[in-house]
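The values are calculated or read from the model by the stated rules, or taken from the named source; none is laboratory data. Just so you know, these numbers come straight off a predicted model, no measurement behind them. Cβ placement follows ideal geometry from the backbone for every residue including glycine, while neighbour counts extend to all protein chains displayed.
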Amino acid sequence: MKALHWIKKNKLLSVISSIYVFLLILMPDKGTSAVKNSMYYVLEMLQVMPIVFIMTAMIEAWVPKEAILNSFGEKSGWKGNIYSFLLGSFSAGPIYAAFPVCKMLFKKGASITNIVIILSAWAVIKVPMLANEAKFLNVKFMGIRWILTVISILLMAYILSIIVKKENIPLHNKIKTEAIQSIVVHEQYCIACGLCVKIVPEDFELWNNKVKSKNRKIKEGEIEKLKRVMEECPVKAISLE
Ligand code: SF4
């Protein structure tokens, strides 16, 4: 039963794991090299993501929403676009590290235009990438590529902001209060940032450098706070079951 519940909750992971198993059985060579490649990226992610999660949690906890709204929000205009280009260009790490950062900025009020700019700049016009391009392909190539890419990113960001509205992006699933039995903290993911204890001290406590749920019965009025804490937990270690 537990295994079935886990599969239901992790459908994508279950499908991918099954594909690996089939590959390993039917085509062991291809299966082994697929597992090796995946492990390479898993190890890379394990090195990068904890730092990204900690930084995201720190920005989330300490940078006021107004600062994000002024710098990256709907009304930030060209200033916001320039900040977004700078943030994406001077970032470090692979593109998947940009997603938790962008999600946090989006939740705090960054516009869709600026999120697209940050993600795109992070992916294709990072400063170290431009430096290498200038070194190996020459400065003129790098300069022209940069100008054309910036124009394309701006166009793409503005078109996307017309097509996709903020309300189309679900930040948290609808939770039915009556269906909730308990608050679960997945300790293996918790990095003990203390955010949940700060927001809902009546439901969470810090214990042995990990956070535990106090296992209280959830009251009607608490659900919004709990939804917020689930969203804001940098490693998504909290669930309501
Ligand atoms: S469960 Fe709480 S303490 Fe642990 S990472 Fe999430 S917000 Fe931080």
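Residues in region 33-66 that are among the acidic types (Asp, Glu) and more than 13 Å from the ligand (Cβ to nearest atom) were compared, and the one that is nearest to TYR20 (Cα to Cα) is GLU44. Evaluating GLU167 against the criteria (1) closer than 30 Å to ALA123 by Cα; (2) at pLDDT 85 or above; (3) in a helix (DSSP H, G or I) leaves one unmet condition, (2). Listed by position, the helices (runs of 4 or more DSSP H) enclosed by region 70-132 that each have at least 2 residues that are farther than 23 Å from ILE54 by Cα are 77-89, 112-124.
Only residues that are touching a His at 6+ places or on another chain (Cβ under 8 Å) and either in contact (Cβ under 8 Å) with a residue 60 or more places away in the chain or basic (Lys, Arg) (or both) were counted in region 208-241, giving 2.
Does at least one position in region 39-56 carry a residue that is over 17 Å from PRO100 (Cα atoms) and in contact with a Gly (Cβ under 6 Å, 6 or more places away or on another chain)? No.
Scanning region 125-146 for residues that are among the hydrophobic types (A, V, I, L, M, F, W, C) and touching a helix residue (DSSP H, G or I) at 6+ places or on another chain (Cβ under 6 Å) yields ILE125, VAL127, LEU130, ALA134, MET142. Is it the case, given these coordinates, that ILE82 is β-branched (Val, Ile, Thr), buried (at least 19 other Cβ atoms within 10 Å of the Cβ) and at pLDDT 90 or above? Criteria not met by ILE82. Summed over region 55-79, residues that are at pLDDT 85 or above and among the β-branched types (Val, Ile, Thr) total 1. Across region 189-199, the qualifying residues are those that are within 8 Å of the ligand (Cβ to nearest atom) and in contact (Cβ under 8 Å) with a residue 40 or more places away in the chain, and the one among them that is surrounded by the most Cβ atoms within 10 Å (Cβ to Cβ) is CYS196. Going through (1) closer than 28 Å to CYS102 by Cβ; (2) touching a Lys or Arg at 6+ places or on another chain (Cβ under 7 Å); (3) not small (Gly, Ala, Ser) one by one, GLU205 falls short only on (1).
Restricting attention to region 200-237, the residues that are within 8 Å of the ligand (Cβ to nearest atom) and either over 22 Å from TRP62 (Cβ atoms) or not in a loop (DSSP other than H, G, I, E, B) (or both) add up to 6.
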